[in-house]
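The values are calculated or read from the model by the stated rules, or taken from the named source; none is laboratory data. As the structure is a prediction and not an experimental result, all values here were calculated from the model. Using ideal geometry, Cβ is built from the backbone for each residue, glycine included, and neighbour counts are taken over all protein chains shown.
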Amino acid sequence: MAIKNLHNHPFNEGTITKLEIFEAYTKEWLPVFVMSPYKHICMFDLFAGPGRDQNGVAGSPIRILQQVNGMLESIISRGKRVYVWLNEYDQNKFETLQNNCNQFINDNEALKNAIEKETVKLKYTRCDFAELFPEIITIIKRFPSLVFLDQNGIKFLSDQYFKELVTTSTVDFLYYVSSSYFFRFGERPEFSMNVQIDMQRAKENPYKFIHRSLLEQFREKLPADSNMKLYPFSIKKGANVYGIIFGASHPLAVDKFLNVAWKKNTINGEANFDIDEDMTKSQLLIFEDKKPTKIEAFAALLREKILNQELRTNEDVYLFTLDQGHIPTHASDVLKQMKKEGLIDYAEKSPLVNYEQVYKNNRIISFQVMKK
């Protein structure tokens, strides 16, 4: 069952949200590996589309090239090789993709020179994903890779591809999924033969939570020895709900994605709408108890675990915060308030709950629970 052709019309608000998240994460991801010891860096857009919409708004391929172009000075000075692979199966879209990308390259002389010198290697293919994947996965397993997957039919979300991706150690992926199609057609044979999802369970919650519900089941598919972490971002387009599945195994990658997501929506960091109705919860109700917002619920849980000494160090708190889908500043705010209240103490001026202090600077501090 194919998804309708989204490129016959200008990008709508939901598609723009998806593209902005893709680009924002690319902007965070690329410098990390340009500054790393790795010599080769790979970026894959496997359902690339034509590169722009009818109004000339940039799609994911152009946005990838924009970020590479912006990092060229560092890429060249550090002797890196950036490999960009754009795949589009549709013949008309493929030709348009090449024209749009070539135009962008010709308009940016430094990028054009980098491609001619193979500092940036740009590859176009017009292949069926099923045939292309075995070749790509061998590259992904060897080099740090960023993979964009824009669902263009349910078979491309097959368990076999998912399991291959989540067992790699240096890949980050953003998978755009038509969650509404699962809700409507998930019990049909063409779905169940590719993706094993308990649709009865997925439908136990209101429809707006369908992407979150699917993500929970995908998490359960992760191998026991996998370090891969998965996070959702739901996107509402009219009456339909779509979403991004982000996957990465390194805490810094998770940290950067969550920062992108929370910048996109400071209320919940998980959707382009108020999915948990936190705006209503933030208003005091006269005749019933106030329900906590997502941030308030996290703060209460974190306080409890620190006071129970389940979390003892800044590293413990940092990893717990990421697992809960929150950003380090949320945890820092809680710890600072607990210290102010005399509930805990720590030696530093700051609780040091961030990647740089925990892993880069190896500054591990303990949180002492004060006796009442």
Subject >> Checking ILE235 against (1) among the hydrophobic types (A, V, I, L, M, F, W, C); (2) out of contact with any Phe, Trp or Tyr (no Cβ under 7 Å at 6 or more places or on another chain); (3) farther than 19 Å from ASP323 by Cβ; (4) buried (at least 21 other Cβ atoms within 10 Å of the Cβ), the condition it does not meet >> reply: (2)
Original post:
For segment 228-340, list the helices (runs of 4 or more DSSP H) that sit wholly inside it and hold at least 2 residues that are in contact (Cβ under 8 Å) with a residue 40 or more places away in the chain and under 30 Å from PHE183 (Cα atoms); which are they?
Top reply: 251-264, 314-323
**OP:** Return yes when LYS294 is in the same structural domain as TYR242 (by TED's automatic domain parsing), among the basic types (Lys, Arg), within 26 Å of PHE209 (Cβ to Cβ) and at pLDDT 95 or above and no when it is not.
**Re:** no
**OP:** Say whether the condition of being more than 26 Å from SER234 (Cβ to Cβ), touching a residue at least 24 places away in the same chain (Cβ under 8 Å) and surrounded by fewer than 21 Cβ atoms within 10 Å (Cβ to Cβ) is met by at least one residue in segment 1-21.
**Re:** no
Subject >> Given (1) polar (S, T, N, Q); (2) surrounded by fewer than 18 Cβ atoms within 10 Å (Cβ to Cβ); (3) in contact with an Asp or Glu (Cβ under 9 Å, 6 or more places away or on another chain), number of the condition SER145 does not satisfy >> reply: (2)
Subject >> Residue count for segment 347-372, restricted to those that are without any contact (Cβ under 8 Å) to a residue 40 or more places away in the chain, part of a loop (DSSP other than H, G, I, E, B) and touching a strand residue (DSSP E or B) at 6+ places or on another chain (Cβ under 7 Å) >> reply: 1
**OP:** Count, please, the residues in segment 186-220 that happen to be surrounded by fewer than 16 Cβ atoms within 10 Å (Cβ to Cβ) and touching a residue at least 60 places away in the same chain (Cβ under 8 Å).
**Re:** 2
Original post:
Assuming ALA110 fulfils every condition listed in (1) assigned to a helix (DSSP H, G or I); (2) among the aliphatic types (A, V, I, L, M); (3) within 20 Å of PHE47 (Cβ to Cβ) apart from one, which condition is it?
Top reply: (3)
**OP:** Determine, yes or no, whether GLN324 is surrounded by fewer than 18 Cβ atoms within 10 Å (Cβ to Cβ) and either in contact with a helix residue (DSSP H, G or I) (Cβ under 8 Å, 6 or more places away or on another chain) or small (Gly, Ala, Ser) (or both).
**Re:** yes
Original post:
In segment 66-80, is there at least one residue being touching an Asp or Glu at 6+ places or on another chain (Cβ under 9 Å) and either in a helix (DSSP H, G or I) or without any contact (Cβ under 8 Å) to a residue 24 or more places away in the chain (or both)?
Top reply: yes
Original post:
Tell me, which residue of segment 1-31 that is assigned to a loop (DSSP other than H, G, I, E, B) and more than 27 Å from VAL195 (Cβ to Cβ) is modelled with the highest pLDDT?
Top reply: PRO10
Subject >> Odd one out for PHE47 among (1) out of contact with any helix residue (DSSP H, G or I) (no Cβ under 7 Å at 6 or more places or on another chain); (2) assigned to a helix (DSSP H, G or I); (3) modelled with pLDDT under 95 >> reply: (2)
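Going through segment 81-91 one residue at a time, which ones are over 14 Å from ILE115 (Cβ atoms), surrounded by fewer than 20 Cβ atoms within 10 Å (Cβ to Cβ) and in contact (Cβ under 8 Å) with a residue 40 or more places away in the chain?
Passing the criteria: only TYR89.
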**OP:** Could you grab the pairs with beta carbons closer than 9 Å, sequence gap of 6+ or different chains, first residue in segment 38-63 and not assigned by TED's automatic domain parsing to the domain that holds ASP107, second one crowded, with 22+ Cβ neighbours inside 10 Å and assigned to a loop (DSSP other than H, G, I, E, B)?
**Re:** none
